[in-house]
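A.B. asks: Would you mind keeping the following structure in view while I ask a few things?
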Amino acid sequence: MKRSVRNKIYDKVFEIIGYTATFFGLIILLYFITDIVYEGWNRIDYDFLTSYTSRKAEKSGIFPAWVGSVWILALTLIISVPIGIASGIYFEEYAKKNKITYMLEVNIANLAGVPSIIYGLLGLEIFGRMFGFGSSILTGSLTLALLILPIIIVSTREALKAVPQSLRDASFALGASKWQTIWLQILPSSMGGVLTGTILALSRAVGETAPLIVIGALAYVPFIPSSPMDEFTVLPMQIFEWTSRPQHEFLINAAAAIIVLLCITFLMNGIAIYLRNKWQKKNQW
Amino acid sequence: MKEKKEQRTIIQSESINVYYDDKHVLKNVNLDIKEKTVTALIGPSGCGKSTYLRLINRMNDYIPEFHFSGTIVVNGKNIYDDSVEVEELRKDIGMVFQKPNPFPKSIYDNVAYGLKIQGIKNKTVLDEAVESSLKQAALWDEVKDNLKAGGLSLSGGQQQRLCIARALAVQPTILLMDEPTSALDPISSAKIEELIFELKKQYTIIIVTHNMQQATRVSDNTAFFYIGDLIEYGKTDELFMNPIHEQTKKYITGRFG
């Protein structure tokens, strides 16, 4: 066979493999979503969103769960974003290239790979017991903030790295201080990337269950949390609890709750994509 | 015999040595520059001319491997003295880079940036500074109706003049130019050269260039660097007509570089 013909065949074969690989994940996800929507779509109504959970499946709702998720999300955001962005800036703009910096970098990369249940144990011990915050929203948020900090730090650094040196030079050469250069030039130019990473990290936090189980989040919460010190539940906890029930009606509830949770994460990812595109258009070097 | 009034020396460099770690990039360089002249720094790539230029506004400070010894006196002040505030120094010494690098902001904000970071907020002051700087940079007529447009929407040559306007807005006395036309087309380059000719009435200009014709056209004095040594320094006409050193001769006639 001629070499060129053979190369063409290889080319085609690889294209088909790549195509299949791409669609493998998508098809499974699509099947899953279709199944969930088929099961749960009709269950979602005003009452489902505004009712507390009950022993009777058809009377149960996700009011405390989604309010808890919003609480957790907001508090996690408030805690993790300033710390994450600040340490990203420190690493990229201030830290000297020495052994200590290198060790910190390696450890942050490692932290990103630690299983979330370990963070749960850490949160339980430090925030729940040592600080005495108990099984509160605050403990949950602090724990999840720890969990997503490495992601925020790494994505902030990547975003800052993408800012060209020429922009820094221009600012410094005009007599700007380091702080002015970071605040007025580098951060605005990298905001798209920083926000994208942050939102993706937060949408991971919304879906986390394991660490919250460990710190003692409840599945049955007959009230709406009104302060960070209150006990709470979140959507994934509620879903987990319902799926462990034997009655089919509860599974339908779980499917409906999954749809709500998916909507929240898709919405957040959508915002992330929108922000990235918006900022990319603005900065073209 | 009456001589033209001697121009003041604005930059004195004495026994300058620069190392990047072990690499000796400037070797015992002594170079004095007179006020309101244009000095061209020429030499093959890696000869240290850009390093010298960046010494004057201390832009090398950000390179971790950078080591410096010697003294550079600008306007009577040793700029490597511990008491010198780098930010203050740079307000007096503007810089224009090889590739136009406007901020991703409006034309107006680009020019006003240097003043805003000094805490100047007065709209009238800023407006006036923006207008006069853009006029000095010969860009005003092209952009005056569109100051809110993004600096990056301009053409390459316009962007470079915007960068010059931005540097002039903080009212420096010295303007450093690091190959300011190397990324521009010939017509835009010619405009920048005309501009340099105008600006020298008010500013001391030091320009790094790889273009020999450009050096002869715009500069009063020329310094030829070769592998870290300042080989020859003198009046541009004399240096190009009768170079003293063999290396200078070879370089300017294009036999190596």
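A.B. asks: Would you pick out the residues in segment B:145-161 that are touching a residue at least 12 places away in the same chain (Cβ under 8 Å) and part of a helix (DSSP H, G or I)?
C.D. replies: Correct list: B:Asn146, B:Gly151, B:Leu152, B:Gly156, B:Gly157, B:Gln158, B:Gln159, B:Gln160, B:Arg161.
A.B. asks: Working only within segment A:175-189, note down all residues that are crowded, with 20+ Cβ neighbours inside 10 Å and either touching a residue at least 12 places away in the same chain (Cβ under 8 Å) or within 31 Å of the chain's Cα centre (by Cα) (or both).
C.D. replies: Correct list: A:Thr181, A:Ile182, A:Gln185, A:Ile186, A:Ser189.
Let's see how each residue does on (1) at pLDDT 90 or above; (2) among the aromatic types (Phe, Trp, Tyr):
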position	(1), (2)
A:Val154	yes, no
A:Lys161	yes, no
A:Thr209	no, no
A:Tyr220	no, yes
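A.B. asks: So B:Tyr62 fits all but one of (1) of a type in the set (Phe, Trp, Tyr); (2) within 23 Å of B:Pro180 (Cβ to Cβ); (3) touching a residue at least 24 places away in the same chain (Cβ under 8 Å); what number is the exception?
C.D. replies: Result: B:Tyr62 passes all but (3).
A.B. asks: Let me ask you something else. Just name the residue that is nearest to the other protein chains (Cβ to nearest Cβ) out of those in segment B:90-133 that are among the aliphatic types (A, V, I, L, M) and surrounded by fewer than 18 Cβ atoms within 10 Å (Cβ to Cβ).
C.D. replies: Ranking the qualifying residues of segment B:90-133, first place goes to B:Ile120.
A.B. asks: If you don't mind, there's one more thing I want to ask. Among the residues of segment A:56-73 satisfying the criterion of being touching a residue at least 12 places away in the same chain (Cβ under 8 Å) and within 14 Å of the chain's Cα centre (by Cα), which is nearest to A:Ile252 (Cα to Cα)?
C.D. replies: Going through the qualifying residues, I end up with A:Ser69.
A.B. asks: Further, regarding this structure: Can you list the strands (runs of 3 or more DSSP E) found entirely within segment B:4-119 that contain at least 3 residues being among the aliphatic types (A, V, I, L, M) and closer than 30 Å to A:Tyr94 by Cβ?
C.D. replies: Filter on segment B:4-119 gives B:93-96.
A.B. asks: Which of the residues belonging to segment B:134-160 are within 14 Å of chain A (Cβ to nearest Cβ) and of a type in the set (A, V, I, L, M)?
C.D. replies: B:Ala149, B:Leu152, B:Leu154
A.B. asks: Can you name every residue in segment B:212-243 that is over 18 Å from B:Asn28 (Cβ atoms) and of a type in the set (Val, Ile, Thr)?
C.D. replies: B:Thr216, B:Val218, B:Thr222, B:Thr236
A.B. asks: Right, here's the next one. Restricting the search to segment A:155-174, which residues are crowded, with 20+ Cβ neighbours inside 10 Å, away from chain B (no Cβ under 13 Å) and not small (Gly, Ala, Ser)?
C.D. replies: Within segment A:155-174, A:Thr156, A:Arg157, A:Leu160 meet the criteria.
A.B. asks: Please state which one of A:Thr76, A:Thr34, A:Thr101 is free of Cβ contacts under 8 Å to residues at least 24 places away in the same chain, polar (S, T, N, Q) and in the same structural domain as A:Val221 (by TED's automatic domain parsing).
C.D. replies: A:Thr101
A.B. asks: Take the residues of segment B:57-73 that are within 14 Å of chain A (Cβ to nearest Cβ) and touching a strand residue (DSSP E or B) at 6+ places or on another chain (Cβ under 8 Å): which is nearest to B:Ile205 (Cα to Cα)?
C.D. replies: Taking the candidates together, the pick is B:Asn57.
A.B. asks: Among the listed residues B:Met212, B:Met241, identify the single one that is surrounded by fewer than 20 Cβ atoms within 10 Å (Cβ to Cβ) and under 11 Å from B:Ile42 (Cβ atoms).
C.D. replies: Residue meeting the stated conditions: B:Met212.
The values are calculated or read from the model by the stated rules, or taken from the named source; none is laboratory data. In this text the structure is predicted, and so the values were computed from the model without any measurement. Neighbour counts run over all protein chains shown; Cβ positions are idealised from the backbone, glycine included.
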